[in-house]
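Visitor: Before I ask anything, here is the structure I am working with.
Values quoted throughout were computed directly from the atomic coordinates according to the rules given, and no laboratory measurement underlies them. Source: prediction; values computed, not measured. Positions of Cβ are backbone-derived with ideal geometry, glycine not excepted, and every protein chain shown enters the neighbour counts.
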Amino acid sequence: MAVAGISFARSPLARHARIATALVSLSLIAWLITESHSLWAAFGRSDLLLLPAHPVAGLFWLFVLVVFEDRPLTRGNLAPAALLLITGALTELAPLPLRDWMWAARNVAGGLLSLHAVLIIARGWSGDLLETRRRLRALTLGFGAMFAVVDVAAALIYKLDPKGPWILISAGQPLGAAILAVLMVATAVLFLQPRPSVFGAVPRPALTVDPRADALERQTLQRLNELMAAGGWRREGLTIGAVASQIEVPEHRLRRLINQRLGHRNFADFVNSHRIDAAKARLADPAQAGETVAAIAFDLGYGSLGPFNRAFRAATGATPTAWRRQALGGSPDLEDPG
């Protein structure tokens, strides 16, 4: 983990990816040491190792967000790790009866974060356009996240039944350590030479057809553009498999086309780009100046205003309201959506 962390820190990846991987590497190292009674004793049972070990579940969750959802580091994304760090320090200072309850609550919170990481990895697998990252989901981090959930469950069960075999699969025992070692080695092999195409956002090229592309690729792009222009992106539950079937092209070829030619890292990002384009057209239309931003967001398929605002800001660098004001030149008919 130390070698992998140093490799990431010295790599040309995007800054948020370097920070997230460095943080989770350091926290995992501290956690692994403190999980082993004999190893931690060799370090003098130093409390300095407990501090970076406390937020390990939150930092792993953050790492998954950065890698598989291309999310930037924000205060909100860092909040779970910060909360685990603070409550971990308070747990160490709490009296014994309260300490056990706080320990259990923190483990449940860590387990829920790990479970959410599993869901993030699973739900984005089919729409991921990067083959390397798709393999990482299933082969390494998916199993790693599941092991984290199992480890938390085993620790909680062991508290209730200390005589059971549950503790053997925890990270501090031989069986659990062996499983974790395999995961760590696999992770190091896959991540030791990290590729920016997997971890860092790449500039999106203009959506134009390369004149050197072969006829089949041009036809595929044309059919894809026609489908999207006809409102195909509005369909609920649209998947890349459904699109591939409709334009009659193998799914793997469509994945490569959308990623390498259109510059999208996942299918959701591709669909979202059409939503944002439609949103910009509506926000710039004086005839729709009285319509709230929330109404436009819901009409375009967003479940709530928050995800729409984040997606719009990521695409344009401005909030929908600010972008609308600039596009309409401060029209007196413009309503503030609040």
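Visitor: Please list 3J(HN,Hα) in residue order for the range 152-166, calculated via the Karplus relation 6.51 cos²θ - 1.76 cosθ + 1.60 where θ = phi - 60°; whole Hz, with x for glycine and proline.
Guide: Computed from phi, the couplings for the range 152-166 are 5, 4, 4, 5, 5, 5, 4, 4, 7, 9, x, 8, x, x, 4 Hz.
Visitor: Sticking with this one: Could you pull out the trypsin sites (Lys or Arg not before Pro) across the range 1-94 that fall in loop regions by DSSP (anything but H, G, I, E, B) with no more than 13 other Cβ atoms inside 10 Å?
Guide: R10, R45
Visitor: Another one. Suppose we keep just the alpha-carbon trace of the range 43-95; what are its Rg and Dmax in angstrom?
Guide: For the range 43-95, the Cα radius of gyration and maximum Cα-Cα distance read 13.0, 41 Å.
Visitor: Modelling each spin label as a point 7 Å along the Cα-to-Cβ direction, I'd like the D299/E69 distance in nm, to one decimal.
Guide: Going from the D299 label point to the E69 one covers 2.8 nm.
Visitor: What is the set of long-range amide H partners of A94 at a cut-off below 5 Å, with H atoms built 1.01 Å from backbone N?
Guide: Those qualifying (amide H under 5 Å, at least 5 residues apart or on another chain) number zero.
Visitor: OK, next. How far apart, in nm, are the 7 Å Cα→Cβ label points at I157 and R99?
Guide: So the label points at I157 and R99 sit 2.6 nm apart.
Visitor: Could I ask something else about it? Counting Lys +1, Arg +1, Asp -1, Glu -1, what net charge surrounds W31 among other residues with beta carbon under 13 Å of its beta carbon?
Guide: Net of charged neighbours comes to -1.
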